[in-house]
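Just below is one structure, and these are the notes that go with it.
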Amino acid sequence: MKTENQKAWLFVLPVLFLVAFNALIPIMTVVNYSVQETFGNNLFFWEGLGWFEKLLNSDRFYSALGRQFMFTGSILAIEIPLGIIIALSMPRQGFWVPICLVTMALPMLIPWNVVGAMWNIFTLPDIGLLGYFLNHVLGVSYDMTQDPAAAWATIIIMDVWHWTSLVVLLCYAGLVSIPDAYYQAAKIDGASNWAVFRYIQIPKMKNVLTIAILLRFMDSFNIYTEPFVLTGGGPGNSTTLLSIDLVKIALGQFDLGPAAAMSLIYFAITLLVSWVFYTLMMKDDR
Amino acid sequence: MKKRYFIPLIYILFLMLPIYWLITMSFKTTGEILSGFSLFPQDLTFENYRVIFTDPTWYWGYINSISYVTLNTVISIAVALPAAYAFSRYRFLGDKQLFFWLLTNRMAPAAVFALPFFQLYSAVGLFDTYLAVALAHTLFNVPLAVWILEGFMRSVPKELDETAYIDGYSFPRFFVKIFLPNIKAGVGVAAFFCFMFSWVELLLAKTLTAVHAKPIAAIMTKTASSAGYELGLLAAAGTLTIIPGAIVIYFVRNYIAKGFAMGRV
């Protein structure tokens, strides 16, 4: 049991200062911009909630948001079940375990723009391994720069390649923590594979799965570099996700007001969904 | 071999394919890459790697990246250790709210912070230094480190602390001599994650640097656009960015599964 001790705050102070410096000041800057209009030369005019109103009435924002949810939804729908299946079929002990874990974790340690560049090289229609195979061996016409469907398939497969291992490793950690006695008891009771999965493995994985969904949701919702390097948001605007659109407005067009308003709404959505997952996760945790 | 092992095997093959392609390309000349498709390099060349190891703009990119990543890892762990200890051992006013607030910073889209960070770090005179990138990356690494360390610390029984105090240990001595060795694995895993997320992040690192602290990944992006289509060189530079990750992952291989679960299994 934890004891009550207000002096514990002293231990938290360094973290508090550091994160406050990094989080509060920039957020205040963003809030500041979001209610003002600027014409350059450091001249600012009060704009009120105008930017928010405009944003919430613009088709551009909703289509970017829609694409974002479609992307996050698709990768969650693929990565979570796939991750569970792979984790269930992995060896639990022996020589191959560390080799499996290390090779699986490798994609996650590659800088994000290198991931984008790597998939770019991999999918080039005539000289990339995948592009060549699809176009010249299977005879499917595949060109990411022309065809929105191909671009979408590629960014989703790239994310599956990049992050499914996170789900695998988390589920695997849950699975190896199940004592052998549970399986033996199930065997004596004559439980089917399905029953073992449903009543032993799933409950043990529940906690780590929530972490997996939480992390995958947050990171895929905030994704920028990989799809930007791979498709640049194109062809047209077909793969312009929220972050890509935001950077376009903020650093490309230098429209600080609209960009700031968009940032705040964007952050609020991430926060809201994450909070739901977090409460679910911490319910049995504390 | 059991039949079900084919699933992870196929998965690993799928993971290795793009990496194989990157490495193969790095041993080809740009001419060979553009002239057509080949599974293996037809005339093996080390020229791409020679360019990277002899041109200071290239190899300084690696030194810059490693420098700010290391600095970030040290700062993150140093501030996260006491905080995680407090969260794992004590109840205090606002502890749960604070913990969640810390985590919200892990949820913040980097794109939101790019411009304000540029202005903030320019204002305090840190723009284009290792410290700027290292501090900026603590935004998401410190919450993560606190989360992981707290998970590992919670599994150390409280009796350990009490016995040490009865034996006359002062708090700092207890923490360094007794407590830290007990959560070695946790510290290793937390450091690994800080390294990882600082190493792979580019948007903030690129925004906060111009010349002196420019990360290797940013130099690659620049080369890709300015020097035309130097695919071989780009592939070689990309291949080299995989190596540091592969090295650190080897050190934590035994804790990696538990580590990814943030000590919460």
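Below, the figures for the structure above:
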| item | result |
| --- | --- |
| Meets criteria (surrounded by 14 or more Cβ atoms within 10 Å (Cβ to Cβ), more than 26 Å from B:Phe193 (Cβ to Cβ) and not acidic (Asp, Glu)) for A:Leu18 | no |
| Residue under evaluation A:Leu76, criteria (1) in contact with a Lys or Arg (Cβ under 8 Å, 6 or more places away or on another chain); (2) facing another protein chain (nearest Cβ under 7 Å), criterion not met | (2) |
| Enumeration of residues in region B:7-31 that are more than 21 Å from A:Ile110 (Cβ to Cβ), free of Cβ contacts under 8 Å to residues at least 12 places away in the same chain and more than 8 Å from every other protein chain (Cβ to nearest Cβ) | B:Leu9, B:Gly31 |
| Of all residues in region A:169-189 being touching a helix residue (DSSP H, G or I) at 6+ places or on another chain (Cβ under 6 Å) and away from chain B (no Cβ under 14 Å), the one that is farthest from A:Ile211 (Cα to Cα) | A:Ala186 |
| Region A:234-286: number of residues that are more than 16 Å from B:Ala111 (Cβ to Cβ) and either at the interface with chain B (Cβ under 9 Å from one of its Cβ atoms) or not small (Gly, Ala, Ser) (or both) | 17 |
| Looking only at region A:210-228, and only at residues there that are assigned to a helix (DSSP H, G or I) and at the interface with another protein chain (Cβ under 8 Å from one of its Cβ atoms), the one that is modelled with the lowest pLDDT | A:Ile211 |
| Meets criteria (part of a helix (DSSP H, G or I) and out of contact with any helix residue (DSSP H, G or I) (no Cβ under 6 Å at 6 or more places or on another chain)) for A:Leu166 | yes |
| Whichever residue in region A:93-136 is more than 14 Å from A:Thr225 (Cβ to Cβ), touching a Leu at 6+ places or on another chain (Cβ under 6 Å) and more than 7 Å from chain B (Cβ to nearest Cβ) and, among such residues, is modelled with the highest pLDDT | A:Thr123 |
| Scan of region B:76-98 for residues that are surrounded by fewer than 23 Cβ atoms within 10 Å (Cβ to Cβ), more than 7 Å from every other protein chain (Cβ to nearest Cβ) and over 24 Å from B:Val133 (Cα atoms), ordered by number | B:Ser88, B:Gly94, B:Asp95, B:Lys96, B:Gln97 |
| In region A:21-33, the residues that are exposed (fewer than 13 other Cβ atoms within 10 Å of the Cβ) and either within 8 Å of chain B (Cβ to nearest Cβ) or within 17 Å of B:Phe140 (Cα to Cα) (or both) | A:Leu24 |
| Pairs with Cβ under 6 Å, 6+ apart, first in region A:151-167 and under 18 Å from A:Met70 (Cβ atoms), second modelled with pLDDT of 90 or more and surrounded by fewer than 21 Cβ atoms within 10 Å (Cβ to Cβ) | A:Ile156/A:Ser74; A:Val160/A:Ile78 |
| Hey, B:Thr45 at pLDDT 85 or above, farther than 21 Å from A:Asn22 by Cβ, more than 8 Å from chain A (Cβ to nearest Cβ) and out of contact with any strand residue (DSSP E or B) (no Cβ under 9 Å at 6 or more places or on another chain) or not | no |
| A:Thr231 polar (S, T, N, Q), buried (at least 18 other Cβ atoms within 10 Å of the Cβ) and within 10 Å of another protein chain (Cβ to nearest Cβ) | no |
| Matching helices (runs of 4 or more DSSP H) fully within region B:94-183 where at least 2 residues are within 25 Å of A:Ser263 (Cα to Cα) | B:95-107, B:110-123, B:130-154 |
| Qualifying residue in region B:221-242 (condition: under 30 Å from B:Leu15 (Cα atoms), in a helix (DSSP H, G or I), at pLDDT below 85 and β-branched (Val, Ile, Thr)) | yes |
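The values are calculated or read from the model by the stated rules, or taken from the named source; none is laboratory data. Being a predicted model, the structure only gives us computed values, none of them experimental. Cβ atoms come from the backbone with ideal geometry, glycine included; neighbour counts cover every protein chain shown.
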